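Take a look at the structure below.
The values are calculated or read from the model by the stated rules, or taken from the named source; none is laboratory data. Being a predicted model, the structure only gives us computed values, none of them experimental. Quick reminder, even Gly has a Cβ in these numbers, built from the backbone with ideal geometry, and neighbours come from all protein chains shown.
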Amino acid sequence: MTEPRQTLGTGTRQVTVGHMTMTDTRPGQAARSGEGVPRPALRGVVSGWAGLAVAELAARLIGLRETPVEAAGQWVIELTPQPVVKAAIDLLGTWDKPVLLVLTVVVLTLVYAGVGWLAARSVVGLTAFGVVAAIGALAVLTRPGMGFAEALVVVLGLVVNLLVWATTAPPRPDELPGPSPASVQRRTLIIAALAVAGGAMSRVVGRQRQLTEQARSLLRLPVTKPTPPAGVNAPGVEGVAPWQTPTSQFFRIDTALSPPAVDPATWRLRIHGQVERELTLSLDDLVGRQLTEAWVTISCVSNPVGGDLVGNAWWSGVRIADLLAEAGVTGDADAIYQTSVDGWTCATPLEAVTDDRDAMLAVAMNGEPLPVEHGFPVRMIVPGLYGFVSATKWITDIEVTRFDRVAGYWTPRGWAEQAPVRLASRIDRPAKGAEVPAGMVAIGGSAWHQQTGIKAVEVAVDEGEWVRAQLASVPSADTWVQWSASVEVEPGEHEVVVRAINADGEVQTDQVRPVAPDGATGRDAHRFTAV
Ligand SMILES: Nc1nc2c(c(=O)[nH]1)N[C@H]1C(S)=C(S)[C@@H](COP(=O)(O)O)O[C@H]1N2
Ligand SMILES: [Mo]
């Protein structure tokens, strides 16, 4: 009776820690909160959505093809009888997706409110959160290409859900303000649990990557190791980017936060749409066909003038034209719409993959299976088109269709629907701002206009006459060409500008355009100092 309240309270709180969820199980708690929504229901909604948000975010971060909610949505759609789905679509039209979303939000909120009410009543009720999570995990598990590792995001979400539930327990009436030992313990517990959950998840994700790397290293592909053709290096200049870009130095551009780890044994490519015969190919099916190998320079539409989002490699793969001939394109198709295992999409003109260029489904880069970052096990390579409209990595689906029916990932985001590579040239030496000995200065770099080819490169120093550079050799119009020139300069500041002339005689424009929507134009210029 006369014991100080603090001692009594502390003792009670410590007991409470182990049964955090029991603190408000006594009837009357909800009423005491004095709010419109009963407190347990509100806690259920808040903690449920917190867990869900974390699971969704984690799924996005590790690049899952579908988030748990998306997976559940697809699941529901697939389990619903087709006539019902069709009726709903007919009724709702283009409103079907917003309506579905609103419905999902409403249903989940009601479910979490109900679970909160149950959980506040008993520990058994608390397991209802687990049941909701289990449904989400099951949805993820049953989606194509997703398994236990992917379902772990749901487990992480559940952990967060339960932690938020526990921490939002209302204070006991006898609790004093300020952090109590119990709340400190609680916080420690939360951090520890989050660390364990995060660690477990990254281990599993890392493990999947490890397995893919292992499968990749065991893969034996019937491809050749490249040796760059003779004469591809420009003479008389050091420091120009190597003609064959080493794989480790090859630029990487994609929307994946961590690259998808695809198991080559279960990988499939489906070719469908406007075809006579649908094809579904395994990696063995693909590499069992006639292989094509070629040097191809690919570049990114986001490459600024003088930039390095461009690289040249030896690609090995199967001609897309051959596969499409096998499938038999029908009707008025004018595009192939590709989907990656990570959901990224892109549309490529049918013509570009059926004419005589080496458009291929590549399985190897520089004589080795594609690195995971560059699309393992299979990607597309189309000479002459920017990567965002042709170079789908981790490809798994090709639909033969029409441009007026589809839009690739970047097109609705302000980039072009079709984008041939622009005529470009780049100065590598002297480097920007370099100091070089006065007298004869070696200038060098590369130029490219895939599918058309480069006829000449010219440089001008300090707005003087255009001087023809020497061109190295190339195996085809689909690679960049190295060039070099030698100019005489006095001591002092100088500026060198480059322009290329393509095989059709077109001179690279000096008109400056930004990279969006379909590639930068303008001429590369370097200032340097002669001493
Ligand atoms: N799945 C997928 N494929 C993709 C992309 C992507 O974001 N996702 N980006 C494209 C873009 S914009 C470019 S420029 C090339 C780059 O290929 P690289 O990373 O092998 O150099 O990949 C293309 N393929
Ligand atoms: Mo790109």
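A search for C-beta distances below 7 Å between a residue of the stretch 341-362 that is in contact (Cβ under 8 Å) with a residue 24 or more places away in the chain and any residue that is in a strand (DSSP E or B) and aromatic (Phe, Trp, Tyr), counting only pairs 6+ apart in sequence or on different chains, returns Thr345/Tyr337; Ala347/Tyr337; Met360/Trp315; Ala362/Trp315.
For (1) among the charged types (D, E, K, R); (2) more than 30 Å from Ile427 (Cβ to Cβ); (3) within 16 Å of ligand 2 (Cβ to nearest atom); (4) not in a strand (DSSP E or B), each residue gets a yes or a no:
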| residue | (1), (2), (3), (4) |
| --- | --- |
| Gln244 | no, no, no, yes |
| Ser258 | no, yes, no, yes |
| Pro264 | no, yes, no, yes |
| Val296 | no, no, yes, no |
| Gly317 | no, yes, no, no |
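On the given criteria, is Asp308 surrounded by 17 or more Cβ atoms within 10 Å (Cβ to Cβ), within 16 Å of ligand 2 (Cβ to nearest atom), among the acidic types (Asp, Glu) and part of a loop (DSSP other than H, G, I, E, B)? No.
For the stretch 272-286, the condition holds for no residue, the condition being that it is within 16 Å of ligand 1 (Cβ to nearest atom) and either outside any loop (DSSP other than H, G, I, E, B) or modelled with pLDDT of 95 or more (or both). Residue pairs whose Cβ atoms lie under 7 Å apart, separated by 6 or more positions or on different chains, with the first residue in the stretch 487-507 and closer than 12 Å to Ile443 by Cα and the second in a loop (DSSP other than H, G, I, E, B), are Val489/Ala438; Glu495/Asp462; Val497/Arg523; Val498/Arg523; Val498/Asp524.
Would you check if Thr330 is of a type in the set (Val, Ile, Thr), surrounded by fewer than 20 Cβ atoms within 10 Å (Cβ to Cβ) and either on the phi > 0 side of the Ramachandran plot or at pLDDT 95 or above (or both)? Yes, satisfied.
Here's the yes/no breakdown for (1) hydrophobic (A, V, I, L, M, F, W, C); (2) out of contact with any Phe, Trp or Tyr (no Cβ under 9 Å at 6 or more places or on another chain); (3) on the phi > 0 side of the Ramachandran plot:
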residue: Ala485; (1), (2), (3): yes, yes, no
residue: Glu490; (1), (2), (3): no, yes, no
residue: Glu493; (1), (2), (3): no, no, no
residue: Arg499; (1), (2), (3): no, no, no
residue: Asp504; (1), (2), (3): no, yes, no
residue: Thr509; (1), (2), (3): no, yes, no
residue: Val512; (1), (2), (3): yes, yes, no
residue: Asp518; (1), (2), (3): no, no, no
residue: His526; (1), (2), (3): no, yes, no
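Any residue at all in the stretch 146-160 that's surrounded by fewer than 21 Cβ atoms within 10 Å (Cβ to Cβ) and either among the aromatic types (Phe, Trp, Tyr) or free of Cβ contacts under 8 Å to residues at least 40 places away in the same chain (or both)? Yes: the stretch 146-160 contains one or more residues that are surrounded by fewer than 21 Cβ atoms within 10 Å (Cβ to Cβ) and either among the aromatic types (Phe, Trp, Tyr) or free of Cβ contacts under 8 Å to residues at least 40 places away in the same chain (or both).
Does the stretch 106-129 contain any residue that is under 27 Å from the mean Cα position of the chain (by Cα) and modelled with pLDDT of 70 or more? For the stretch 106-129, residues under 27 Å from the mean Cα position of the chain (by Cα) and modelled with pLDDT of 70 or more: absent.
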